[in-house]
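The values are calculated or read from the model by the stated rules, or taken from the named source; none is laboratory data. All values derive from a computational prediction rather than experimental measurement. Reconstructed Cβ throughout: ideal geometry from the backbone, glycine too, with neighbour counts over all protein chains shown.
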Amino acid sequence: MDNFYFKDLYTIKVNKISPVDQDHNLTFILLPAIGIPIKKYENFIIGLRNIGYSVVYADYPCCGENFPHITKHHDYDYADLLQYFIPNLIKHCDTQNFILLGHSLGGHLASLYALENGTPIVVVASGNIHYKHWDVKGRAKILSAVLLFKALTKTYGFFPGYKVGFGHREAKSLMNNWCHTVLTGNYSFSGVGIRQNQVKSLFINIKDDHFSPLKSTRKLAEMFSNPVLQQIELPSHIKGNKHSVWLKNPGQITKLIESTVKKLNIATI
């Protein structure tokens with residue numbers, strides 16, 4: 001296990017796993033969702049390794065394996081992750097080619113980084129979270145969530161997601177960025193110039209994922225000139241929140257990633 005220092009403040013533990021035969025010469029850099037520790041991605045990571053890919057992965061700063069954990073004294077935002085987190089993960093790649101692989105929040109970050117740097121991406125269960133991309137019922141829920149999240153963040157100095165079943169202990173500025181996008185649909189806080197480019201990209205939407213509906217995923221994908229957007233339906237025996245329950249049985253998504261990466265030669269920059 002390797003380490004790096006995020007903003008010269010917090011230690012980040014970096015994990016790497018590689019197949020015996022690296023025929024693909026390709027590394028996925030995994031960016032997780034808010035509040036999901038990287039250990040929950042174990043089945044997914046092993047699945048990618050078993051079909052010939054290397055994976056670099058880490059928890060976000062002050063989360064999961066990384067200490068100290070978030071309090072009101074520990075803060076960062078999207079721009080910090082784009083500038084100080086992702087580039088350091090990339091440095092730990094042992095292969096010539098790599099793809100950013102983002103889930104939910106990780107999909108936002110992968111997309112924004114790709115716009116600036118031309119990095120190929122695979123995005124799973126993610127989208128532009130502007131409230132207008134939900135139906136009427138969904139809009140009411142996500143706008144109510146913003147009011148609650150802002151109030152909790154102001155009170156605690158960080159976001160206590162464990163109190164409301166969304167995330168765990170999350171950085172104040174990160175959640176304020178998240179709320180900004182819900183209300184405006186933009187990422188002006190990121191410092192990234194939003195302009196279409198030719199980045200090779202795959203967006204995977206999960207049918208009936210109420211956290212990332214198809215319209216939301218499509219809007220995020222539209223930041224790129226020629227995105228590939230695929231919707232899948234999870235098998236009926238997989239019960240739970242579609243947004244994250246796929247991690248328990250990720251084979252369907254792993255196969256789709258493998259076939260699309262090969263077909264489109266996504267890893268070639």
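Would you be able to tell me the number of residues in the stretch 48-64 that are of a type in the set (A, V, I, L, M) and not in a loop (DSSP other than H, G, I, E, B)?
So the answer is 3.
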Open item on the list: So, LYS200, is that one free of Cβ contacts under 8 Å to residues at least 12 places away in the same chain, more than 24 Å from PRO37 (Cβ to Cβ) and basic (Lys, Arg) or not?
Closed with: no
Open item on the list: Can you tell me which condition ALA79 does not meet? The list is (1) under 22 Å from ILE129 (Cβ atoms); (2) without any contact (Cβ under 8 Å) to a residue 60 or more places away in the chain, and all the others hold.
Closed with: (2)
Open item on the list: Checking ASN205 against (1) outside any helix (DSSP H, G or I); (2) exposed (fewer than 15 other Cβ atoms within 10 Å of the Cβ): exactly one of these is not met. Which one?
Closed with: (2)
- [ ] For the stretch 192-202, name all the residues that are surrounded by 13 or more Cβ atoms within 10 Å (Cβ to Cβ) and of a type in the set (Lys, Arg).
- [x] LYS200
Task: Residues of the stretch 240-269 satisfying the condition of being outside any helix (DSSP H, G or I) and modelled with pLDDT of 95 or more - done: GLY240, ASN241, ASN249, PRO250
- [ ] Can you tell me which residue within the stretch 118-145, out of those that are in contact with a Ser or Thr (Cβ under 6 Å, 6 or more places away or on another chain) and not in a loop (DSSP other than H, G, I, E, B), is farthest from ASN97 (Cα to Cα)?
- [x] HIS133
